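Contents: one structure, followed by commentary.
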Amino acid sequence: MKAVILKEVGEFAVVDKPIPQITDPEDLLIRIEASSICGSDVHIFANPPGIPAVKGTTIGHEMVGCVEAVGDAVTDFKPGDRLVLDNNVPCGHCYHCKTGHPNMCQNMSTIGVDRDGAFAEYAVVPARMAVKISPDLPTETAIFAEPLNCVMGAMDKLRLMPGENVLIMGAGPIGLYFTKLLALNGAGKIFVAEVSPFRAQYAKDCGATRVINPKEEDLTQVILEETKGIGVDAAVDAVGVLLPGCIDAVKCNGRILLFGNNSSVNETICQADITRKELTVMGSYVGPHTLPATVNLLESGRLDLDHLITHRITLSQFADGMEAMRRGEAIEVVITSD
(Lines give C-alpha, C1' and ligand atoms only; values in the text may rest on other atoms or scores of the structure.)
Protein backbone atom coordinates (compact mmCIF):
# COMPACT_ATOMS: atom_id res chain seq x y z
CA MET A 1 0.00 0.00 0.00
CA LYS A 2 1.00 3.64 -0.35
CA ALA A 3 1.74 5.58 2.84
CA VAL A 4 3.18 8.96 3.86
CA ILE A 5 5.96 8.54 6.40
CA LEU A 6 8.30 10.74 8.39
CA LYS A 7 11.53 10.14 6.46
CA GLU A 8 13.88 12.47 8.31
CA VAL A 9 13.48 15.56 10.47
CA GLY A 10 11.44 17.97 8.39
CA GLU A 11 11.01 15.50 5.52
CA PHE A 12 8.20 13.21 4.42
CA ALA A 13 8.06 10.56 1.72
CA VAL A 14 5.30 8.68 -0.08
CA VAL A 15 6.40 5.06 0.05
CA ASP A 16 5.16 1.51 -0.49
CA LYS A 17 4.63 -0.37 2.77
CA PRO A 18 3.14 -3.77 3.52
CA ILE A 19 -0.53 -3.75 4.49
CA PRO A 20 -0.46 -3.97 8.32
CA GLN A 21 -1.69 -7.08 10.09
CA ILE A 22 -3.59 -7.47 13.36
CA THR A 23 -1.33 -8.65 16.17
CA ASP A 24 -3.33 -7.45 19.19
CA PRO A 25 -6.66 -9.29 19.62
CA GLU A 26 -8.34 -5.99 20.55
CA ASP A 27 -7.38 -4.22 17.29
CA LEU A 28 -9.11 -3.60 13.97
CA LEU A 29 -7.74 -3.62 10.45
CA ILE A 30 -9.43 -0.79 8.58
CA ARG A 31 -9.44 0.41 4.99
CA ILE A 32 -9.09 4.17 5.07
CA GLU A 33 -11.85 5.92 3.13
CA ALA A 34 -10.28 9.33 3.64
CA SER A 35 -7.84 11.20 5.84
CA SER A 36 -7.08 14.88 6.27
CA ILE A 37 -4.09 17.06 7.10
CA CYS A 38 -4.12 18.67 10.54
CA GLY A 39 -2.07 21.62 11.72
CA SER A 40 -0.34 19.12 14.01
CA ASP A 41 0.93 17.29 10.92
CA VAL A 42 2.47 20.54 9.68
CA HIS A 43 4.29 20.79 13.03
CA ILE A 44 5.50 17.18 12.71
CA PHE A 45 7.10 17.90 9.34
CA ALA A 46 8.67 21.18 10.46
CA ASN A 47 12.41 21.54 11.12
CA PRO A 48 12.81 21.60 14.06
CA PRO A 49 9.58 19.69 14.63
CA GLY A 50 6.90 21.25 16.79
CA ILE A 51 5.70 17.71 17.52
CA PRO A 52 8.43 15.04 17.46
CA ALA A 53 7.32 11.83 15.71
CA VAL A 54 9.07 8.51 15.27
CA LYS A 55 11.14 8.19 12.09
CA GLY A 56 9.52 5.81 9.60
CA THR A 57 6.05 6.16 11.14
CA THR A 58 3.03 6.62 8.90
CA ILE A 59 1.76 10.08 9.85
CA GLY A 60 -1.87 11.26 10.00
CA HIS A 61 -4.64 10.93 12.55
CA GLU A 62 -7.82 12.42 11.08
CA MET A 63 -9.55 9.56 9.28
CA VAL A 64 -12.71 7.77 8.23
CA GLY A 65 -12.37 4.01 7.94
CA CYS A 66 -14.20 0.81 7.10
CA VAL A 67 -13.48 -2.39 9.04
CA GLU A 68 -11.75 -5.11 7.03
CA ALA A 69 -10.96 -7.54 9.86
CA VAL A 70 -11.31 -7.71 13.66
CA GLY A 71 -9.11 -9.13 16.37
CA ASP A 72 -10.24 -12.24 18.25
CA ALA A 73 -11.26 -10.22 21.34
CA VAL A 74 -13.31 -7.61 19.45
CA THR A 75 -17.07 -8.02 19.93
CA ASP A 76 -18.54 -4.64 18.99
CA PHE A 77 -17.26 -4.28 15.42
CA LYS A 78 -17.55 -6.47 12.35
CA PRO A 79 -16.23 -6.24 8.79
CA GLY A 80 -18.09 -3.58 6.85
CA ASP A 81 -18.68 -1.26 9.82
CA ARG A 82 -17.65 2.35 9.23
CA LEU A 83 -15.89 4.32 11.94
CA VAL A 84 -14.03 7.40 13.07
CA LEU A 85 -11.25 7.42 15.62
CA ASP A 86 -9.79 9.17 18.65
CA ASN A 87 -6.08 8.93 17.89
CA ASN A 88 -4.82 9.55 21.44
CA VAL A 89 -4.51 6.10 23.00
CA PRO A 90 -4.35 6.12 26.84
CA CYS A 91 -2.88 3.26 28.80
CA GLY A 92 -5.95 2.85 31.02
CA HIS A 93 -3.82 2.05 34.08
CA CYS A 94 -2.07 5.22 35.26
CA TYR A 95 -3.38 7.62 37.90
CA HIS A 96 -4.94 10.02 35.39
CA CYS A 97 -6.67 7.26 33.43
CA LYS A 98 -8.11 5.78 36.62
CA THR A 99 -9.41 9.14 37.81
CA GLY A 100 -11.33 9.91 34.62
CA HIS A 101 -8.77 12.03 32.74
CA PRO A 102 -7.40 9.79 29.97
CA ASN A 103 -6.31 12.83 27.95
CA MET A 104 -3.70 13.40 30.69
CA CYS A 105 -2.42 9.80 30.47
CA GLN A 106 1.18 9.46 31.60
CA ASN A 107 1.83 6.75 29.01
CA MET A 108 -0.13 8.10 26.06
CA SER A 109 0.65 6.80 22.59
CA THR A 110 -0.59 8.68 19.55
CA ILE A 111 -1.69 7.29 16.23
CA GLY A 112 0.13 9.17 13.49
CA VAL A 113 2.98 10.24 15.78
CA ASP A 114 4.56 7.23 17.51
CA ARG A 115 2.40 4.51 15.91
CA ASP A 116 1.31 4.18 12.28
CA GLY A 117 -1.54 6.43 11.27
CA ALA A 118 -3.96 7.58 8.59
CA PHE A 119 -1.97 8.77 5.57
CA ALA A 120 -2.18 5.32 4.02
CA GLU A 121 -4.60 2.89 2.41
CA TYR A 122 -4.95 0.68 5.50
CA ALA A 123 -4.28 0.96 9.22
CA VAL A 124 -4.50 -1.14 12.37
CA VAL A 125 -6.18 0.69 15.24
CA PRO A 126 -7.47 -0.14 18.74
CA ALA A 127 -11.18 -0.95 18.69
CA ARG A 128 -11.65 0.89 21.99
CA MET A 129 -10.71 4.20 20.35
CA ALA A 130 -13.22 3.89 17.50
CA VAL A 131 -16.85 4.98 17.23
CA LYS A 132 -19.20 3.59 14.59
CA ILE A 133 -20.78 5.93 12.09
CA SER A 134 -23.86 5.50 9.95
CA PRO A 135 -23.48 3.85 6.54
CA ASP A 136 -25.22 6.97 5.17
CA LEU A 137 -22.94 9.60 6.73
CA PRO A 138 -20.97 11.20 3.88
CA THR A 139 -17.24 10.66 4.14
CA GLU A 140 -16.63 14.38 3.66
CA THR A 141 -18.76 15.07 6.73
CA ALA A 142 -17.33 12.28 8.88
CA ILE A 143 -13.76 13.42 8.15
CA PHE A 144 -14.25 16.34 10.56
CA ALA A 145 -14.91 14.04 13.54
CA GLU A 146 -11.45 13.97 15.14
CA PRO A 147 -10.65 17.71 15.17
CA LEU A 148 -14.26 18.58 15.97
CA ASN A 149 -14.11 16.12 18.87
CA CYS A 150 -11.23 18.09 20.39
CA VAL A 151 -13.25 21.29 20.16
CA MET A 152 -16.28 19.53 21.64
CA GLY A 153 -14.17 18.75 24.71
CA ALA A 154 -13.40 22.45 25.00
CA MET A 155 -17.06 23.41 24.54
CA ASP A 156 -17.92 21.13 27.46
CA LYS A 157 -15.62 23.27 29.62
CA LEU A 158 -16.65 26.64 28.23
CA ARG A 159 -20.39 26.08 28.84
CA LEU A 160 -21.48 29.15 26.91
CA MET A 161 -25.00 30.32 27.73
CA PRO A 162 -27.21 31.31 24.78
CA GLY A 163 -26.86 35.04 24.24
CA GLU A 164 -23.37 35.37 25.70
CA ASN A 165 -20.78 37.20 23.62
CA VAL A 166 -17.52 35.50 22.73
CA LEU A 167 -14.17 36.30 21.12
CA ILE A 168 -12.24 33.66 19.16
CA MET A 169 -8.59 34.39 18.59
CA GLY A 170 -7.60 32.88 15.24
CA ALA A 171 -9.61 31.62 12.26
CA GLY A 172 -7.63 28.55 11.37
CA PRO A 173 -9.57 25.28 11.20
CA ILE A 174 -9.93 25.07 14.99
CA GLY A 175 -11.10 28.67 15.29
CA LEU A 176 -13.66 28.02 12.56
CA TYR A 177 -14.98 24.93 14.35
CA PHE A 178 -15.39 27.03 17.48
CA THR A 179 -17.23 29.67 15.46
CA LYS A 180 -19.62 27.08 14.04
CA LEU A 181 -20.30 25.38 17.37
CA LEU A 182 -20.74 28.62 19.30
CA ALA A 183 -23.21 29.88 16.70
CA LEU A 184 -25.09 26.59 16.94
CA ASN A 185 -25.01 26.95 20.73
CA GLY A 186 -26.84 30.30 20.56
CA ALA A 187 -24.00 32.73 21.18
CA GLY A 188 -24.92 36.43 21.05
CA LYS A 189 -22.13 38.21 19.20
CA ILE A 190 -19.21 36.15 17.89
CA PHE A 191 -16.04 38.14 17.30
CA VAL A 192 -13.10 36.56 15.50
CA ALA A 193 -9.60 38.04 15.49
CA GLU A 194 -7.72 37.11 12.31
CA VAL A 195 -5.02 38.78 10.21
CA SER A 196 -5.39 36.64 7.07
CA PRO A 197 -8.03 37.89 4.59
CA PHE A 198 -8.40 34.31 3.30
CA ARG A 199 -9.29 32.95 6.72
CA ALA A 200 -11.30 36.04 7.67
CA GLN A 201 -13.74 35.33 4.85
CA TYR A 202 -14.21 31.77 6.11
CA ALA A 203 -14.90 33.12 9.60
CA LYS A 204 -17.67 35.33 8.19
CA ASP A 205 -19.10 32.36 6.30
CA CYS A 206 -19.09 30.32 9.53
CA GLY A 207 -21.21 32.86 11.40
CA ALA A 208 -18.86 35.46 12.87
CA THR A 209 -20.66 38.68 13.76
CA ARG A 210 -17.51 40.67 13.10
CA VAL A 211 -13.97 39.75 12.06
CA ILE A 212 -11.29 42.03 13.46
CA ASN A 213 -7.77 42.34 12.03
CA PRO A 214 -5.58 43.26 15.05
CA LYS A 215 -2.96 44.70 12.70
CA GLU A 216 -5.44 47.25 11.41
CA GLU A 217 -7.74 47.83 14.39
CA ASP A 218 -7.39 48.07 18.14
CA LEU A 219 -8.88 44.71 19.15
CA THR A 220 -9.69 45.64 22.75
CA GLN A 221 -11.24 48.95 21.75
CA VAL A 222 -13.45 47.32 19.12
CA ILE A 223 -14.63 44.70 21.61
CA LEU A 224 -15.47 47.35 24.21
CA GLU A 225 -17.38 49.42 21.64
CA GLU A 226 -19.35 46.36 20.52
CA THR A 227 -20.22 45.27 24.09
CA LYS A 228 -21.22 48.62 25.64
CA GLY A 229 -17.87 48.94 27.40
CA ILE A 230 -18.17 45.61 29.24
CA GLY A 231 -16.14 43.09 27.24
CA VAL A 232 -17.00 39.61 26.00
CA ASP A 233 -18.33 36.94 28.34
CA ALA A 234 -15.75 34.44 27.12
CA ALA A 235 -12.64 34.36 24.96
CA VAL A 236 -11.01 31.41 23.20
CA ASP A 237 -7.36 31.32 22.17
CA ALA A 238 -7.32 28.93 19.20
CA VAL A 239 -3.72 29.83 18.34
CA GLY A 240 -1.72 29.26 21.52
CA VAL A 241 0.07 32.58 22.04
CA LEU A 242 -2.72 35.11 22.57
CA LEU A 243 -3.61 35.00 26.25
CA PRO A 244 -2.83 38.72 26.87
CA GLY A 245 -5.36 39.74 24.22
CA CYS A 246 -7.96 37.49 25.79
CA ILE A 247 -7.37 39.04 29.21
CA ASP A 248 -7.88 42.53 27.81
CA ALA A 249 -11.04 41.67 25.87
CA VAL A 250 -12.97 39.62 28.41
CA LYS A 251 -15.30 41.17 30.96
CA CYS A 252 -14.87 41.05 34.73
CA ASN A 253 -15.80 37.56 35.98
CA GLY A 254 -15.44 36.29 32.42
CA ARG A 255 -13.91 33.05 31.16
CA ILE A 256 -10.87 32.37 29.03
CA LEU A 257 -10.34 29.03 27.34
CA LEU A 258 -6.85 28.21 26.09
CA PHE A 259 -6.95 25.66 23.28
CA GLY A 260 -4.07 26.45 20.94
CA ASN A 261 -0.79 24.80 21.91
CA ASN A 262 2.61 26.32 21.07
CA SER A 263 5.32 25.22 23.48
CA SER A 264 8.03 27.20 21.68
CA VAL A 265 6.62 30.60 22.70
CA ASN A 266 6.71 32.28 26.10
CA GLU A 267 4.26 35.04 26.95
CA THR A 268 4.49 37.90 29.43
CA ILE A 269 1.31 38.56 31.39
CA CYS A 270 0.44 40.53 34.48
CA GLN A 271 -1.20 38.12 36.91
CA ALA A 272 -2.90 41.02 38.67
CA ASP A 273 -5.01 41.57 35.55
CA ILE A 274 -6.48 38.11 36.05
CA THR A 275 -6.91 38.56 39.79
CA ARG A 276 -8.42 42.04 39.60
CA LYS A 277 -11.00 40.98 37.00
CA GLU A 278 -11.73 37.67 38.77
CA LEU A 279 -11.21 35.75 35.54
CA THR A 280 -11.49 32.00 35.10
CA VAL A 281 -8.71 30.65 32.86
CA MET A 282 -9.08 27.09 31.57
CA GLY A 283 -6.90 24.85 29.44
CA SER A 284 -8.33 22.21 27.11
CA TYR A 285 -6.33 19.35 25.62
CA VAL A 286 -7.96 16.99 23.10
CA GLY A 287 -11.48 15.71 23.76
CA PRO A 288 -11.96 12.94 26.32
CA HIS A 289 -15.35 11.17 26.31
CA THR A 290 -16.83 13.44 23.61
CA LEU A 291 -16.42 11.45 20.37
CA PRO A 292 -19.84 9.71 20.57
CA ALA A 293 -21.55 13.11 20.97
CA THR A 294 -19.46 14.45 18.09
CA VAL A 295 -20.67 11.64 15.85
CA ASN A 296 -24.27 12.28 16.92
CA LEU A 297 -23.88 15.94 15.99
CA LEU A 298 -22.40 15.16 12.58
CA GLU A 299 -25.15 12.63 11.87
CA SER A 300 -27.85 15.14 12.89
CA GLY A 301 -27.12 17.32 9.86
CA ARG A 302 -27.18 20.48 12.00
CA LEU A 303 -23.53 21.32 11.40
CA ASP A 304 -22.53 22.15 7.83
CA LEU A 305 -18.77 21.83 7.48
CA ASP A 306 -18.34 20.63 3.91
CA HIS A 307 -17.62 24.14 2.62
CA LEU A 308 -14.43 24.15 4.73
CA ILE A 309 -12.88 21.52 2.44
CA THR A 310 -10.53 23.57 0.26
CA HIS A 311 -8.47 20.75 -1.27
CA ARG A 312 -9.16 17.18 -2.39
CA ILE A 313 -6.01 15.22 -3.21
CA THR A 314 -4.63 11.69 -3.39
CA LEU A 315 -1.80 10.20 -1.36
CA SER A 316 0.59 10.76 -4.27
CA GLN A 317 -0.30 14.48 -4.20
CA PHE A 318 0.43 14.83 -0.48
CA ALA A 319 3.18 17.41 -1.07
CA ASP A 320 0.66 19.76 -2.68
CA GLY A 321 -1.67 19.56 0.29
CA MET A 322 1.11 20.04 2.82
CA GLU A 323 2.44 23.08 0.99
CA ALA A 324 -1.04 24.66 0.90
CA MET A 325 -1.32 24.15 4.66
CA ARG A 326 2.12 25.66 5.26
CA ARG A 327 1.21 28.75 3.20
CA GLY A 328 -2.04 29.20 5.12
CA GLU A 329 -4.03 28.72 1.92
CA ALA A 330 -6.00 25.68 3.04
CA ILE A 331 -8.59 24.87 5.69
CA GLU A 332 -9.43 21.17 5.30
CA VAL A 333 -7.29 19.05 2.95
CA VAL A 334 -8.98 15.67 2.31
CA ILE A 335 -6.85 12.77 1.08
CA THR A 336 -8.04 9.61 -0.64
CA SER A 337 -6.20 6.70 -2.25
CA ASP A 338 -4.80 7.06 -5.76
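The values are calculated or read from the model by the stated rules, or taken from the named source; none is laboratory data. Since the model is a prediction, treat every value here as computed from it, not as a measurement. Virtual Cβ from ideal backbone geometry, glycine too; neighbours counted across all protein chains shown. Each accessible area value is taken on the protein alone, full model and side chains, heavy atoms only, with ligands, DNA and RNA left out. Shrake-Rupley method; radii C 1.70, N 1.55, O 1.52, S 1.80 Å.
Peptides 161-167, 150-156: what's the order by average Cβ count within 10 Å, highest mean first?
Working: 161-167: 19.1, 150-156: 21.6.
Descending packing order for the listed peptides: 150-156, 161-167.
Compute the length gained on full extension between SER316 and LYS2: take 0.36 nm times their separation in residues and subtract their Cα-Cα distance, giving the result in nm to one decimal. Mind showing how you got there, number by number?
Details: separation 314, 0.36 × 314 = 113.04 nm, distance 0.81 nm.
Taking 0.36 nm per residue and subtracting the Cα distance, the gain is 112.2 nm.
In the stretch 135-270, what percent of the accessible surface is made up of carbon and sulfur (1.4 Å probe, ligands and nucleic acids excluded)? It would help to have the intermediate numbers written out before the result.
Working: 2870 of 5730 Å².
That fraction is 50 percent.
Hey, what's the chain come to in accessible area per residue, 1.4 Å probe, Å²?
45
Starting with the highest mean, order 96-104, 292-300 by the number of other Cβ atoms within 10 Å, averaged over the residues of each peptide.
Values: 96-104: 14.9, 292-300: 16.4.
Output ranking for 96-104, 292-300: 292-300, 96-104.
What pairs from LYS215/LYS251; LYS189/LYS251; LYS157/LYS251 go past 20 Å between their alpha carbons? Intermediate values should be presented prior to the final figure.
Values: LYS215/LYS251 22 Å; LYS189/LYS251 14 Å; LYS157/LYS251 18 Å.
Long pairs (Cα-Cα over 20 Å): LYS215/LYS251.
Between GLN201 and THR99, what is the spin-label point distance in nm, taking each point 7 Å from the Cα along the Cα→C-beta axis?
Going by the 7 Å Cα→Cβ label model, 4.9 nm.
Please report the antiparallel percentage of DSSP beta bridges with both residues in the chain, rounded to the nearest 5. Numbers along the way, then the final one.
On the way: 33 of 59 bridges.
Around 55 percent antiparallel, to the nearest 5.
Determine which lysines satisfy two conditions relative to LYS17: a Cα distance under 19 Å, and not lying fewer than 8 residues away in the same chain.
Result set, ordered by chain and number: LYS2, LYS7, LYS55.
Per-residue ellipticity at 222 nm for the chain, helices alone: DSSP H runs ≥ 4 residues times -39500 (n - 2.57), over residue total, nearest 500 deg cm²/dmol? Mind showing how you got there, number by number?
On the way: 11 runs with 89 residues, N = 338.
Rounded to the nearest 500, the figure is -7000 deg cm²/dmol.
What FRET efficiency, computed as 1/(1 + (r/R0)^6) with R0 = 56 Å and r the Cβ-Cβ distance, is obtained for ALA13 and LYS277, rounded to the nearest 0.05? Provide the component values of the computation, followed by the final result.
On the way: r = 50 Å, r/R0 = 0.90.
Efficiency at R0 = 56 Å is approximately 0.65.
Grab the alpha carbons of the stretch 211-338, take their convex hull, and tell me the volume per residue in Å³.
Working: hull volume 22.8 nm³, N = 128.
Dividing the Cα hull volume of the stretch 211-338 by its residue count gives 178 Å³.
If I take every Cα pair under 8 Å that is 6 or more residues apart in the chain, average their sequence separation and divide by the length, what percent do I get for the relative contact order? Please report the intermediate quantities before stating the final value.
On the way: 757 pairs, mean separation 59.6, N = 338.
It comes to 18 percent, rounded to a whole number.
Within the stretch 211-294, which trypsin sites (Lys or Arg not before Pro) sit in a loop by DSSP and count at most 10 neighbouring Cβ atoms inside 10 Å? Let's see the in-between values first.
On the way: sites: LYS215, LYS228, LYS251, ARG255, ARG276, LYS277; in loops: LYS215, LYS228, LYS277.
Listed in order of number, the matching sites are LYS215, LYS228.
Quick check on the chain: what does the Kirkwood estimate of hydrodynamic radius come out to from the alpha carbon pairs, in Å? Please list the in-between numbers first.
Details: mean 1/r = 0.0483 Å⁻¹.
Roughly 20.7 Å, rounded to one decimal.
How much FRET efficiency would the formula 1/(1 + (r/R0)^6) give for ARG159 and HIS307, where r is the Cβ-Cβ distance and R0 is 22 Å, rounded to 0.05? Could you put the intermediate results ahead of the total?
Values: r = 28 Å, r/R0 = 1.26.
Between ARG159 and HIS307 the formula returns 0.20.
Whole angstrom only: what separates the Cα centroid of the stretch 126-174 from the Cα centroid of the stretch 1-48?
What the calculation gives is 22 Å, centre to centre.
Where the accessible area of the stretch 1-113 is counted over protein heavy atoms with a 1.4 Å probe, how much of it, in %, is carbon and sulfur? If you can, show how the numbers build up before the last one.
Working: 2760 of 5210 Å².
Of all accessible area on the stretch 1-113, carbon and sulfur atoms account for 53 percent.
What are the semi-axes of the equivalent ellipsoid for the stretch 253-302, taken as the square roots of 5 times the Cα gyration tensor eigenvalues, largest first, in whole Å? Before the final figure, lay out each step's value.
On the way: eigenvalues 200, 49, 14 Å².
For the stretch 253-302, the ellipsoid semi-axes come out as 32, 16, 8 Å.
For the stretch 292-322, list residues with backbone N below 16 Å from a point placed 7 Å from the Cα of GLU329 toward its Cβ?
It comes to 310-313, 318-322, nothing else.
From the backbone phi of the stretch 56-68, what are the Karplus-calculated ³J(HN,Hα) couplings (6.51 cos²θ - 1.76 cosθ + 1.60, θ = phi - 60°) in whole Hz, Gly and Pro given as x?
x, 6, 6, 8, x, 9, 8, 8, 10, x, 10, 5, 9
Does the stretch 145-213 come out rounded, prolate or oblate, given a ≥ b ≥ c as the square roots of the eigenvalues of its C-alpha gyration tensor, rounded meaning a/c under 1.5 and, failing that, prolate meaning a/b above b/c? Intermediate results must be reported in sequence, preceding the final value.
Values: a/c = 2.07, a/b = 1.25, b/c = 1.65.
Cα axes put the stretch 145-213 in the oblate bin.
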